[in-house]
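S.K.: Take this structure, written in structure tokens, and hold onto it; I'll ask about it next.
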Amino acid sequence: MNKDIEYIKSLNPCSDGLSWANEQKSIESIYDNCDRGDWLIWLLRKSCKITKPQAVIVAIKCAERVLHVYEKKHPDDNRPRKAIEAALKYYESPTEENRKAADAYAADAATDATDAAYAAAYATTSAAAYAAAYAADAAAYAAADAVAKKSERKAQADIIRKEVSNPWRKQNEQP
């Protein structure tokens, strides 16, 4: 077994994730080829390869992708949208005042923690790195469609790779 797979194994991945990783040649290819946003965010977090600002912007973008699912179901509830807007404001200007506002809007949106509302609210909290997985699952379960779930997770993975360059690729190899 190669050293990259040994490293992945040391992080205690789920059995499906480990099985998929075993098919890859290296950790670089795992990152480049993974179509599961939830697995990528897990890998980044467990490897300490994502900064808080990166996690927050990934979470915001992922939550924005599924916000329409919640708003279609709850057209008069703007709490998740306000939570996302407050998180974006905090991302753009990380002051204590903006952090408190983002936390307050997140808490308000989380009082109805269903479907995309949960993902949107969670996107603004300090644990923002997990939002990609929740957002993908929220959209998929709302659609109750395995194809939608796979497509959403792929979109989440693409967002992650756009915001976080492959940390296992040598600098002179970056695209």
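The values are calculated or read from the model by the stated rules, or taken from the named source; none is laboratory data. Computed from a predicted model, the values in this text were never measured in an experiment. Virtual Cβ from ideal backbone geometry, glycine too; neighbours counted across all protein chains shown.
S.K.: Given the criteria assigned to a helix (DSSP H, G or I) and at pLDDT 85 or above, does residue 71 qualify? Spell out the reasoning first.
M.R.: On the way: assigned to a helix (DSSP H, G or I): yes; at pLDDT 85 or above: no.
Against the criterion (assigned to a helix (DSSP H, G or I) and at pLDDT 85 or above), residue 71 does not qualify.
S.K.: Another question about this same structure. Specify the residue that is surrounded by the fewest Cβ atoms within 10 Å (Cβ to Cβ); the eligible residues are those in region 21-37 that are in a helix (DSSP H, G or I) and of a type in the set (Gly, Ala, Ser).
M.R.: Looking only at region 21-37, we keep the residues that are in a helix (DSSP H, G or I), and these are 21-22, 27-33, 37.
Okay, now just the ones that are also of a type in the set (Gly, Ala, Ser), so 21, 29, 37.
Numbers: 21: 21, 29: 16, 37: 26.
This residue is 29.
S.K.: Then there's this: Please pick out the residue among 44, 18, 40 that is outside the structural domain of residue 90 (by TED's automatic domain parsing), in a helix (DSSP H, G or I) and surrounded by fewer than 18 Cβ atoms within 10 Å (Cβ to Cβ).
M.R.: On the way: 44 fails: surrounded by fewer than 18 Cβ atoms within 10 Å (Cβ to Cβ); 40 fails: surrounded by fewer than 18 Cβ atoms within 10 Å (Cβ to Cβ).
Matching residue, one of 44, 18, 40: 18.
S.K.: Checking the conditions here, which among 44, 11 is closer than 20 Å to residue 155 by Cα and touching a helix residue (DSSP H, G or I) at 6+ places or on another chain (Cβ under 8 Å)? So that I can check it myself, show each step before the final result.
M.R.: Working: 11 fails: closer than 20 Å to residue 155 by Cα.
Criteria check complete, one pass: 44.
S.K.: Do the conditions hold for residue 83, that is, is it more than 29 Å from residue 167 (Cα to Cα), small (Gly, Ala, Ser), buried (at least 16 other Cβ atoms within 10 Å of the Cβ) and in contact with a Phe, Trp or Tyr (Cβ under 6 Å, 6 or more places away or on another chain)? Break it down into steps so the answer makes sense when it comes.
M.R.: Numbers: more than 29 Å from residue 167 (Cα to Cα): yes; small (Gly, Ala, Ser): yes; buried (at least 16 other Cβ atoms within 10 Å of the Cβ): yes; in contact with a Phe, Trp or Tyr (Cβ under 6 Å, 6 or more places away or on another chain): yes.
Spelling it out, residue 83 is indeed more than 29 Å from residue 167 (Cα to Cα), small (Gly, Ala, Ser), buried (at least 16 other Cβ atoms within 10 Å of the Cβ) and in contact with a Phe, Trp or Tyr (Cβ under 6 Å, 6 or more places away or on another chain).
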